[in-house]
Amino acid sequence: MKFCAALEAEQPDTFAEALNIAMDRDDYELVPENAEEYGKQVLRRIGADDEIIDTIDSYMDFAQLGTDSLAEDGVCRTEFGMVRRLSKPFPPAPEIGQAMM
């Protein structure tokens, strides 16, 4: 699933690029779809254990931390789940709006 999500996020043009993604699949991570769970995962990445997370549970807005971190980490939503690149964030998706002519 991680490889398929990475392929969809990267959209390689050649087989060689797809092969590089396959060889570097450890550079990708599937992340939880739930913003609150992602916020807790972010805290675990920086060293918080379950005891700390349980202690601050009623004082912390994990969902807001998760939402902010999803954008900061460049997480990409794919049909195979949400994926992030560990080496550098994916570039932000272009905003769709009115275009001037």
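Could you do me a favour and compute the accessible area per residue for the chain, 1.4 Å probe, result in Å²?
Accessible area per residue, the chain: 72 Å².
How big is the C-alpha Rg of the range 38-90 next to the rule-of-thumb value 2.2 N^0.38 Å, as a ratio?
In units of the 2.2 N^0.38 Å rule of thumb, it is 1.23.
Grab the other residues whose beta carbon is less than 13 angstrom from that of Gly66, score K and R as +1, D and E as -1, and report the net.
Once positives and negatives cancel, what remains is -3.
Figure the gain on full extension for Thr14 and Glu37 (residue separation times 0.36 nm, minus the Cα-Cα span) and round it to one decimal in nm.
Computed gain between Thr14 and Glu37 is 4.8 nm.
Taking H placed 1.01 Å from N in the peptide plane, check which residues at least 5 places from Val31 or on another chain put their amide H under 5 Å from its amide H.
Amide H to amide H, under 5 Å and 5 or more residues apart or across chains, Val31 pairs with Met82, Val83, Arg84.
I want to check the label-to-label distance for Phe3 and Asp61. Put each point 7 Å from Cα in the C-beta direction and report it in nm to one decimal.
Distance between label points: 4.1 nm.
So, in nm, how far is label Arg45 from label Asp27 when the simple model puts each one 7 Å beyond its Cα toward the Cβ?
A separation of 1.6 nm, rounded to one decimal place.
For a quick check of your reading of the filter: which GluC sites (Glu not before Pro) in the range 1-63 sit in a DSSP loop and have no more than 13 other Cβ atoms within 10 Å?
Sparse-neighbourhood loop GluC sites (Glu not before Pro): Glu33.
Bin width 10 Å, alpha-carbon pairs only: give the P(r) of the chain as whole percents, running from 0 to the bin holding the largest distance.
15, 39, 27, 15, 4, 0
The values are calculated or read from the model by the stated rules, or taken from the named source; none is laboratory data. Nothing here was measured: the structure is a model prediction, and the numbers come from that model. Glycine also receives a Cβ, built like all others from the backbone with ideal geometry; neighbour counts cover every protein chain displayed. Ligands, DNA and RNA are excluded from the accessible area calculation, which covers all protein heavy atoms including side chains. Shrake-Rupley method; radii C 1.70, N 1.55, O 1.52, S 1.80 Å.
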